[in-house]
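Single-structure report; data block below.
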Amino acid sequence: MGVNLRIVFFINVLLCISYSLFAENASNYTFFSPDSLQPKTDTIKPSLKKNSGLDEEVTYTAEDSMTFDVNTKQLYLYGKADVKYGDVELDAAYIELDMSKNSVYAIGKPDSTGKVADSPYFKQDGHEFKSKEMKYNFESKKGLISQVITKEGEGYIHGETIKRDSSNTFYIKNGKYTTCSNEEDPHFFIAAPKIKMIPDDKIVTGPAYLVISDIPTPLALPFGFFPTKNKEAASGILIPAPGQSDNLGIFLKEGGYYWAVNDYMDLALQGDIYTRGSWAAKVTSNYKLKYKFDGNYNIRYSNIKIGRENFPNYENNKTFFVRWNHNQDPKARPNSRFSADVNAGTSNFSKYGSSTGSDYLTNTYQSSVRYDKSWAGTPFNLSTNLRHSQNNNTKQMDLSLPDVVMSMNRIYPLKKEGRLGGPNWIDNMGLSYTGNLKNDIRTTETGLKNHFQDSVIDLMKNGMKHSVPLGTSVKFFKYLTFNPNATYSEIWYLNKYEKLYNASDSSVTTNKVNGFNTVRDINLNASFTTKIYGMYTFRSRSIKAIRHVLTPNAGFTYNPGLGKLIEGPYGYKGATAKYSPYENTVFGGASAYKSSTLNFDVINNIEMKVRSAKDTVSGTKKIKIFENLQFGSAYNFAADSFQLSNFALNARTQLFDNIAINYNSQFDPYAIDTTGKRLKEFNYTQTGKALRFTSATAALNFTLRSKNGKAKETSTRASQAEMDRINANRNAYVDFNIPWSLSANYNLQYTKPGLVSKVTQTVSFSGDVSLTKKWKIGFNSGYDFTNKDVTYTSLNIYRDLHCWEMQFNMVPFGFRKSYSFTINVKASVLQDLKLTRRRDWQDLR
């Protein structure tokens, strides 16, 4: 039968008072316990709290027993004792509570093997301490702790003796600072005879030296400073990394200043400097306003000089690049959205200024700054876009400044509610509108620079196109769908182009003629489509059935050819030729040739159902034979020759969930002569074959891994923006959840428009393997069969060293031949504690 502990405590108090009144030599009294295995619990009376000057009640428990000394007002707690005072909590094997001095003393207890168990554990205001012995005063809030281990920020503090004052500052004698989570025996630490710690602010040490695996190293500092702020970032100097380059000289990299502007934005200014004249500057910033938007930008400029001036191998490469990413929270403004994804710079940045393999392999830079707006309750929408596209090989640059689209969703002006028999084709008659304003620039990097010095307006091509489609949908016999559609379009231009022939030298010049011009066009089309299902069942033990879905499509398109061509001596050396005054405009002109085209194609989807022991519900499994198998062509009745278009055969499928196959090919129905020129005769009349194979592309993608990884990585230690960046670039980060993976891509291209054929083949492969839980090796390579050369190849080795990590990256050959070896501490607070050995591509050329 259980005993009420409050009654036990009340009886003990009465006995103590009686004994102190009538026994002159009484010195102490031991609480009796109805059950030594049941915890003893009590709370100091409010009167004692008032008399002692404490602000809050002190509560205590003990698993074994309690002893109270009446004369000295001391309470002794035995066996997993616990004392709580406000936000202060203390656990230990043995605790002494002094009522007169408002102090507490705690210590652990050796077990049968001599190992100390239930060492004092102290917790206050989110800070935790584990020690051998502890003293603390509730009133003065001062304490003395010995053999302590506590976590502060990303690191741990070990101290022989710690003294705490009333301002919550800790003074540590013979201390250690480490970021190794192996608390009892850290793999490394910074030893200092004196350490001062201000929680949530900083740790300051006197003379300190580095110890690795209990072996002191000669790496010493006159003092140490470690920020530990958790709630906000701290501004400060970014220490540069020194090094030496054979071609660039002695350098300092990534030095600068970090500025924590406010709670929503930061800014880092960094630079590289080399003794042989090269230098680089970088500006990086991250910003975020919760429930509104977030983003980041990175601007980099470099002037890299390779070799010595006036020597044949001397190079001076200036590169510039800017990245800007901005995302708006969808809930911030439901009816409008602003986003930006900018990647722009000089075309030589990927070759000379990039620091990663992915940047080096990037062939095209693309940017988009977009604003979308819709009006609730209306069908109208607005989209404004600034676009940029730049090819690093051809140096061609395309800009849209801006591209504005004003649209109206489809409306049904003739729809009548409650019509007898349900909706008909009149009810389905839909009308929509799209207005597109464009201002494009096509030039090169050098051309854009030269025109900015003069006038960039000459490069601009602009216009506005209005499109009004009207269409409906009708079903025949429940299975056949008929879709007639008519589209009227009108284009407005502020200029057109005029060609002039110069008889003296038979040259032709093209001039821009300003003025308001309109181009009108009409397109009529109608299409029929349906679906045919087929199923063939088997009596086989493994195959149950094959399912075939056939989707035939047939359509007719008519264009009256409203465009006009100008004829004259505008060909080669004054030969007669025709041209359209709108052929170089952003939307082009209307077609000058009438067309009446019948187009047709057939789409096939074929699946096989097999028995599967793994599926315990249905007992079957679907295997895709062809996700898409399409064959089609077109015939233009209005053309005077070559009425029949090329036949296209396209296929796409997925095998065993690991192999993706894409195939596209073209077949020409017309013959060629002995010189390879296309004839107006069908190929069948000359060769007896209906079609002539002219081109094909095939892509095979193979992926294999030991187990499926997570759809998305998550972490409580990283921000949402950081996790978004990691999930968007999974190949750039080490994933130890997948012991091994392999990916291979094979691409084949065949072309034979005439007599000569050309074959292009490339293969690329990448993968990684975790030799153990701590070792991982990754690789990336390929082979170009046309150039008979190995493509960009890299090897990466990663070793998890608990609180340290080791990385080895190598590009063994090629233009970017290089290697780097780094051993560093994982914690960001000690990010400069590392050993690096590298040879950049500039040194190994």
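The values are calculated or read from the model by the stated rules, or taken from the named source; none is laboratory data. All values derive from a computational prediction rather than experimental measurement. When we count neighbours, we look across all protein chains shown, and the Cβ atoms used for this are built from the backbone with ideal geometry, even at glycine. To get the accessible areas, we keep the full protein, side chains included, count just its heavy atoms, and leave off ligands, DNA and RNA. Shrake-Rupley method; radii C 1.70, N 1.55, O 1.52, S 1.80 Å.
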Task: Residues whose placed amide H lies under 5 Å from that of Met429, excluding near-sequence neighbours - done: none
Open item on the list: How much accessible area per residue does segment 513-610 have, counting only protein heavy atoms and a probe of 1.4 Å, in square angstrom?
Closed with: 61
- [ ] Divide by every residue of the chain the summed helix terms, -39500 (n - 2.57) for each DSSP H run of at least 4, and state the resulting mean residue ellipticity at 222 nm, rounded to the nearest 500 deg cm²/dmol.
- [x] -2000 deg cm²/dmol
- [ ] Could you run the Karplus curve 6.51 cos²θ - 1.76 cosθ + 1.60 with θ = phi - 60° over segment 382-392 and give me ³J(HN,Hα) per residue in whole Hz, x for Gly and Pro?
- [x] 10, 9, 10, 9, 10, 10, 8, 9, 9, 9, 6
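Normalising by the residue count of the chain, find the relative contact order in percent from Cα pairs under 8 Å and 6+ residues apart.
Details: 2019 pairs, mean separation 31.4, N = 845.
So the answer I get is 4 percent.
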Task: Carbon plus sulfur fraction of accessible area for the chain, probe 1.4 Å, in percent - done: 56
- [ ] Multiply the residue gap between Glu445 and Ser540 by 0.36 nm, knock off their C-alpha separation, and tell me the result in nm, one decimal place.
- [x] 27.7 nm
Task: Cα centroid separation - segment 212-279 against segment 498-542, whole Å - done: 57
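Where does the charge balance sit around Glu445 when Lys and Arg score +1, Asp and Glu -1, over other residues with C-beta under 15 Å from its C-beta?
+4
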- [ ] Provide the gained length on full extension for the span Thr697 to Tyr314, in nm with one decimal, where the gain is 0.36 nm per separating residue minus the Cα-Cα distance.
- [x] 133.7 nm
Task: Centre separation in Å (Cα based) which lies between segment 613-678 and segment 383-441 - done: 30
- [ ] Could you point to the residue in Ala554, Ala696, Asn483 farthest towards the positive end of the chain's charge dipole, with +1 and -1 charges on the Cβ of Lys/Arg and Asp/Glu respectively?
- [x] Ala554
- [ ] Choose one of Asn348, Trp324, Ser389: the residue whose Cα lies farthest towards the positive end of the charge dipole of segment 269-389 (beta-carbon charges +1 Lys, Arg; -1 Asp, Glu; about the Cα centre).
- [x] Trp324
Task: Other-chain or far-sequence residues with amide H under 5 Å of Met99's (modelled H) - done: Gln74, Leu75
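About the Cα centre of the chain, what is the dipole size in debye to 20, counting +1 per Lys and Arg Cβ and -1 per Asp and Glu Cβ, all else neutral?
On the way: 104 positive and 79 negative charges, 661 e Å.
For the chain, the charge dipole is close to 3180 debye.
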Open item on the list: If I compute Rg and Dmax of the Cα atoms in Å from the structure I just sent, which labelled value in (i) 49.3, 170; (ii) 35.2, 99; (iii) 39.7, 138 lines up?
Closed with: (iii)
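Quickly rank 761-774, 405-418 as a protection proxy: mean count of other C-beta atoms within 10 Å, highest first. Please report the intermediate quantities before stating the final value.
Working: 761-774: 15.2, 405-418: 12.6.
Per-residue Cβ counts within 10 Å, averaged per peptide and sorted highest first, yield 761-774, 405-418.
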Task: Options Asn517, Phe785, Leu644, ranked by Cα towards positive dipole end of the chain, top entry (Cβ charges) - done: Leu644
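Longer than 23 Å from Cα to Cα, which of Lys282/Lys318; Lys438/Lys573; Lys305/Lys817; Lys624/Lys689; Lys496/Lys680; Lys677/Lys752 are they? Say none if no pair is. The partial results should precede the final answer.
Details: Lys282/Lys318 14 Å; Lys438/Lys573 35 Å; Lys305/Lys817 18 Å; Lys624/Lys689 32 Å; Lys496/Lys680 35 Å; Lys677/Lys752 12 Å.
Flagged as over cut-off: Lys438/Lys573; Lys624/Lys689; Lys496/Lys680.
How would you order 508-514, 387-393 from highest to lowest mean count of nearby Cβ atoms within 10 Å?
Per-residue Cβ counts within 10 Å, averaged per peptide and sorted highest first, yield 387-393, 508-514.
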- [ ] Calculate one ³J(HN,Hα) per residue across segment 531-543 by plugging θ = phi - 60° into the Karplus curve 6.51 cos²θ - 1.76 cosθ + 1.60, and present them in order as whole Hz with x for glycine and proline.
- [x] 10, 10, 9, x, 9, 10, 9, 10, 9, 6, 6, 9, 9
Open item on the list: Given contacts defined as C-alpha pairs under 8 Å and at least six residues apart, what's the relative contact order of segment 228-340, whole-number percent?
Closed with: 17
Task: Karplus (6.51, -1.76, 1.60) ³J(HN,Hα), θ = phi - 60°, over segment 577-592, in Hz, Gly and Pro reported as x - done: 8, 10, 8, 9, x, 10, 6, 10, 8, 5, 10, x, x, 6, 5, 8
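If R0 is 56 Å, what FRET efficiency do you get for Asp201 and Lys109 from their C-beta distance, rounded to 0.05? Spell out each step's value before the answer.
Values: r = 35 Å, r/R0 = 0.63.
Efficiency computed from Cβ-Cβ geometry: 0.95.
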